[in-house]
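K.L.:
Submitted below is the structure of interest, expressed as structure tokens.
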Amino acid sequence: MIAVPKELLWDYREPPQDLLWRLQRIADFFPLYGKDRDTVALLYTYRDRLKVDGATKALIEEYHRAWETHP
């Protein structure tokens, strides 16, 4: 399960177990949070199911490309 930074849990004591909830919360603050390889891979995989604007979606795709070409 993907970890959600404590700074993003102002309204929860513990994050819900739902993966999409966790990814959405991180995506809402991307790229301030969630730039690591594993998180970017999940954000990229679920990018079409997340509610993000075009710029954030493009940024996730760029980070994914960067991680794929420069491991």
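K.L.:
For residue 22, indicate whether it is among the basic types (Lys, Arg) and in contact (Cβ under 8 Å) with a residue 12 or more places away in the chain.
P.N.:
yes
K.L.:
Looking at the structure I just gave you, is residue 48 out of contact with any Asp or Glu (no Cβ under 7 Å at 6 or more places or on another chain) and free of Cβ contacts under 8 Å to residues at least 12 places away in the same chain?
P.N.:
So residue 48 passes the test.
K.L.:
Here's another thing I want to ask about it. Give the range 37-71 a look and list any residue that's more than 9 Å from the chain's Cα centre (by Cα) and among the charged types (D, E, K, R), or say none.
P.N.:
The answer is 37, 38, 48, 49, 51, 53, 57, 61, 62, 65, 68.
Coordinate-derived values only; no laboratory data. None of these values were measured; they are calculated from a predicted model. FYI the Cβ positions are ideal-geometry reconstructions off the backbone, even for glycines, and counts take in every protein chain you see.
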